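The values are calculated or read from the model by the stated rules, or taken from the named source; none is laboratory data. This structure is a prediction, so every number in the text was calculated from the model and none was measured. A quick note on method: Cβ atoms are made from the backbone with ideal geometry, for glycine too, and the neighbour counts reach across all protein chains shown. Only protein heavy atoms, including side chains, enter the accessible area calculation; ligands, DNA and RNA are left aside. Shrake-Rupley method; radii C 1.70, N 1.55, O 1.52, S 1.80 Å.
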Amino acid sequence: MPTMGELGPAEWTEELQRSGRVVFPLRRRPAALRAAVILLLLTPTNVFNIVDFADESTVGRIFNAVGLAGYAVLLGGATWQQVTRRPIVVVDTEGIRSGSKFMPWDAVGTAGIPTGTKILRTMPVLPADVWAKQISILGDNVRDLTAFSAWLNDLRPQRRRTEEEPHADHG
């Protein structure tokens, strides 16, 4: 079964109307591809560091150990992402959440234009307040960020109206 990030706006709208939220977990393939490229680029350096470790001075050994520790952290982080499928993007009746960042609908200004190369593509969700922080949605969660941006921009006015209606004084 495909994840929400592989589907399109019609399915997202249907899920939002049905359950009140749409969850976009990490799509494993793009995250694994990016991690593999980064780790493969760093592998030769670390292999040579291990081979030369015995011949190095104390300072050289410290640099090699720090490099190997950094490599292990990157490998562990990539593995953690694949197992947990995080960060998760959630669009619900309250607002937009990406990982630990949250922006309520009344603070959402606009969903921006996706930028970056295919492997590092992101889309900003810009706040209405220019001094507030934006949320970046990764292509790891949603395959078609352009359609996602348009969907959020179409959804934003509807969410604001829904929030304002219960508070209106119909005196």
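Spin-label pair residue 33-residue 14: with each label point 7 Å from Cα along the Cα-Cβ axis, the two points sit 2.6 nm from one another.
What the phi angles of segment 78-84 give under the Karplus curve with 6.51, -1.76 and 1.60, with θ = phi - 60°, is a coupling list of 5, 5, 4, 4, 5, 6, 8 Hz, glycine and proline written as x. Working note: Debye formula, equal point scatterers on the alpha-carbon atoms of the chain, no solvent; log10 I(q)/I(0) at q = 0.08, 0.10, 0.18, 0.20 Å⁻¹ is -0.36, -0.51, -1.10, -1.27.
Taking 8 Å as the Cα distance limit and 6 or more residues as the minimum spacing, I'd like the relative contact order of segment 9-146 as a percentage. If you can, show how the numbers build up before the last one.
Details: 175 pairs, mean separation 34.4, N = 138.
Answer for segment 9-146 is 25 percent.
Of the solvent-accessible surface of the chain, computed with a 1.4 Å probe over protein heavy atoms with every protein chain present, carbon and sulfur atoms account for 62 percent. Excluding ligands, DNA and RNA, the accessible surface per residue across the chain is 63 Å² with a 1.4 Å probe. A crude spin-label estimate for the pair residue 129 and residue 73, with each label 7 Å from Cα along the Cβ direction, gives 3.2 nm.
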